[in-house]
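Undergrad: Let me begin by handing over the structure; questions about it come next.
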Amino acid sequence: MSKKVLVLGEAREGALRNVSFEAIAAAKTVAGDGEIVAVLLGDGVASLAEELIHYGADRVVTVEHPHLKHYTSDGYSQGFMSVYEQEKPEAIVFGHTALGKDLSPKIASKLSTGLISDVTSIEGEGDGALFIRPIYSGKAFEKVKNKDGLLFFTVRPNNITALEKDGSRTGNVTSLSVEITNLRTIIKEVVRKSTEGVDLSEAKVVIAGGRGVKSAEGFKPLQELANLLGGAVGASRGACDADYCDYSLQIGQTGKVVTPDLYIAAGISGAIQHMAGMSNSKIIVAINKDPEANIFKVADYGIVGDLFEVIPMMIEEIKQL
Ligand code: FAD
């Protein structure tokens with residue numbers, strides 16, 4: 001059966017996040033011969049619409065409003081629900097980002113439907129699709145099938161491969177005018193701690209430091225390695241609690257979930273709560289002084305040694321390339 005699928009495109013600082021393209025690819029697997037309609041909410045986002053079409057959307061509906069410049073669940077739910085009412089899709093896909101995690105349950109409850117969250121892969125297609133998602137902090141995976149009715153799922157960033165960009169694809173871009181009212185919060189300004197570097201949740205390479213890094217200064221070689229590899233620095237909660245770095249870098253059950261191609265864990269013991277945020281990384285390299293450290297159980301490559309010797313050696317080797 002063919003389905004019309006609504007996909008939420010996510011933009012940040014004038015650019016679309018990759019998860020938008022991954023969500024379109026996921027939508028294709030369930031749509032059959034149906035239509036993929038991307039939704040863009042924001043203020044001044046219409047210029048991004050075409051890129052969604054290049055990545056596989058058939059059409060884009062934009063909702064622009066000054067109150068949608070910054071995300072609020074009240075504002076975005078009003079914007080999204082207006083598009084929903086206009087389009088009446090059979091399926092909805094969001095990215096499992098901070099925004100998606102906040103907005104999707106609200107929309108699901110408004111629509112009185114279920115939500116399959118944090119999907120990492122899809123087996124099969126169309127009505128027979130099975131959605132695979134981690135449970136018990138990543139210790140196990142479950143396969144979920146949608147019963148009949150509206151299908152609503154979120155996709156974990158960096159897990160579903162986006163379709164190849166095709167700049168020759170064309171499609172309609174329409175705008176929907178929506179009254180955004182009764183907001184309980186209005187965000188006047190967002191001040192970012194750092195606007196530099198690669199977004200941790202979408203980075204292909206993550207160099208993460210733990211309590212073994214010993215100080216804020218100790219993170220400098222990790223940052224240097226990350227810069228050389230075009231990656232981002234992350235951290236364990238141990239390192240954040242010790243004030244070596246900001247909590248925005250925390251990876252794990254109560255931090256960010258990352259799935260890079262390469263994850264280097266330096267001075268991290270491998271507590272279950274940390275592994276919940278990184279164990280699905282494609283290649284894991286662990287550097288730890290303790291040969292018995294738990295992190296070695298999930299590592300593809302383990303280096304027993306002092307990170308302050310190993311990381312400078314890696315930096316030197318990479319500089320030779
Ligand atoms: P430690 O466990 O102290 O490990 C430090 C490691 O560094 C050791 O293995 C040591 O051998 C190694 N080391 C020391 N010096 C060196 C050196 N020079 N070279 C190489 N190796 C060295 N943790 C998270 O990370 N993320 C979460 O989201 C999270 N959520 C939590 C939620 C709850 C409800 C609870 C209870 C805990 C949570 N934790 C989380 C905390 C978690 O249980 C661990 O305490 C934490 O991950 C430990 O951080 P660590 O590995 O950096 O520190």
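Undergrad: Out of (1) touching a Ser or Thr at 6+ places or on another chain (Cβ under 8 Å); (2) buried (at least 17 other Cβ atoms within 10 Å of the Cβ); (3) at pLDDT below 95, the odd one out for T185 is which?
TA: Unmet for T185, out of (1) touching a Ser or Thr at 6+ places or on another chain (Cβ under 8 Å); (2) buried (at least 17 other Cβ atoms within 10 Å of the Cβ); (3) at pLDDT below 95: (2).
Undergrad: Right, next: Say whether the condition of being open to solvent by 10 Å² or more (accessible area, probe 1.4 Å) and under 23 Å from N159 (Cα atoms) is met by at least one residue in the range 82-95.
TA: No, the range 82-95 has no match at all.
Undergrad: Let me ask another. Tally time: how many residues in the range 130-153 are out of contact with any helix residue (DSSP H, G or I) (no Cβ under 6 Å at 6 or more places or on another chain), closer than 21 Å to V257 by Cα and surrounded by 18 or more Cβ atoms within 10 Å (Cβ to Cβ)?
TA: Counting residues in the range 130-153 that are out of contact with any helix residue (DSSP H, G or I) (no Cβ under 6 Å at 6 or more places or on another chain), closer than 21 Å to V257 by Cα and surrounded by 18 or more Cβ atoms within 10 Å (Cβ to Cβ) gives 5.
Undergrad: Are any of the residues in the range 307-321 within 12 Å of the ligand (Cβ to nearest atom) and within 19 Å of N158 (Cα to Cα)?
TA: Scanning the range 307-321 turns up no residue that is within 12 Å of the ligand (Cβ to nearest atom) and within 19 Å of N158 (Cα to Cα).
Undergrad: Could you run through the range 27-48 and say how many residues are in contact with a Ser or Thr (Cβ under 9 Å, 6 or more places away or on another chain), crowded, with 24+ Cβ neighbours inside 10 Å and not in a strand (DSSP E or B)?
TA: Result for the range 27-48: 1.
Undergrad: Kindly list the number of the only condition in (1) in a loop (DSSP other than H, G, I, E, B); (2) farther than 16 Å from G138 by Cα; (3) near the ligand (Cβ under 9 Å from one of its atoms); (4) open to solvent by less than 60 Å² (accessible area, probe 1.4 Å) that fails for D290.
TA: Condition (4) is where D290 drops out.
Undergrad: Across the range 255-267, which residue is nearest to the ligand (Cβ to nearest atom) among those that are over 15 Å from the mean Cα position of the chain (by Cα) and either farther than 23 Å from P312 by Cα or not in a loop (DSSP other than H, G, I, E, B) (or both)?
TA: A266
Undergrad: All but one of (1) outside any helix (DSSP H, G or I); (2) open to solvent by less than 40 Å² (accessible area, probe 1.4 Å) hold for S112; state the number of the condition that does not hold.
TA: It fails just one condition, (2).
Undergrad: Okay, next question. Can you report the number of residues in the range 49-71 which are open to solvent by 10 Å² or more (accessible area, probe 1.4 Å) and either of a type in the set (S, T, Y) or assigned to a helix (DSSP H, G or I) (or both)?
TA: Qualifying residue count, the range 49-71: 7.
Undergrad: Among the candidates A208, A235, A216, A242, single out the residue that is farther than 29 Å from E10 by Cβ and within 13 Å of the ligand (Cβ to nearest atom).
TA: Matching residue, one of A208, A235, A216, A242: A242.
Undergrad: Turning to a different aspect of this structure: If I ask for residues that are open to solvent by less than 100 Å² (accessible area, probe 1.4 Å) and assigned to a helix (DSSP H, G or I), which ones from the range 188-217 would you list?
TA: Hits for the range 188-217 are L200, S201, E202, G212, V213.
Undergrad: Would you tally the residues in the range 273-287 being open to solvent by 40 Å² or more (accessible area, probe 1.4 Å) and either of a type in the set (F, W, Y) or within 9 Å of the ligand (Cβ to nearest atom) (or both)?
TA: So the answer is 1.
Undergrad: Same structure, new question: So how many residues does the range 118-132 have that are free of Cβ contacts under 8 Å to residues at least 40 places away in the same chain and either in contact with a Phe, Trp or Tyr (Cβ under 7 Å, 6 or more places away or on another chain) or in a helix (DSSP H, G or I) (or both)?
TA: 3
Undergrad: Looking at (1) crowded, with 18+ Cβ neighbours inside 10 Å; (2) in a loop (DSSP other than H, G, I, E, B), which is the only condition M1 fails?
TA: Single failed check for M1: (1).
Undergrad: Filter the range 4-15 for residues that are assigned to a strand (DSSP E or B) and touching a strand residue (DSSP E or B) at 6+ places or on another chain (Cβ under 6 Å); which is most open to solvent (accessible area, probe 1.4 Å)?
TA: In this case the residue turns out to be A11.
Undergrad: Does G252 satisfy the condition of being within 9 Å of the ligand (Cβ to nearest atom), touching a residue at least 40 places away in the same chain (Cβ under 8 Å), in contact with a helix residue (DSSP H, G or I) (Cβ under 9 Å, 6 or more places away or on another chain) and at positive phi?
TA: No, not satisfied.
The values are calculated or read from the model by the stated rules, or taken from the named source; none is laboratory data. Keep in mind that this is a model prediction, so the values were computed, not measured. Methodologically, a virtual Cβ is constructed for each residue, glycine included, from the backbone with ideal geometry; neighbour enumeration extends over all protein chains shown. Protein only, heavy atoms only, side chains kept; ligands, DNA and RNA dropped before computing areas. Shrake-Rupley method; radii C 1.70, N 1.55, O 1.52, S 1.80 Å.
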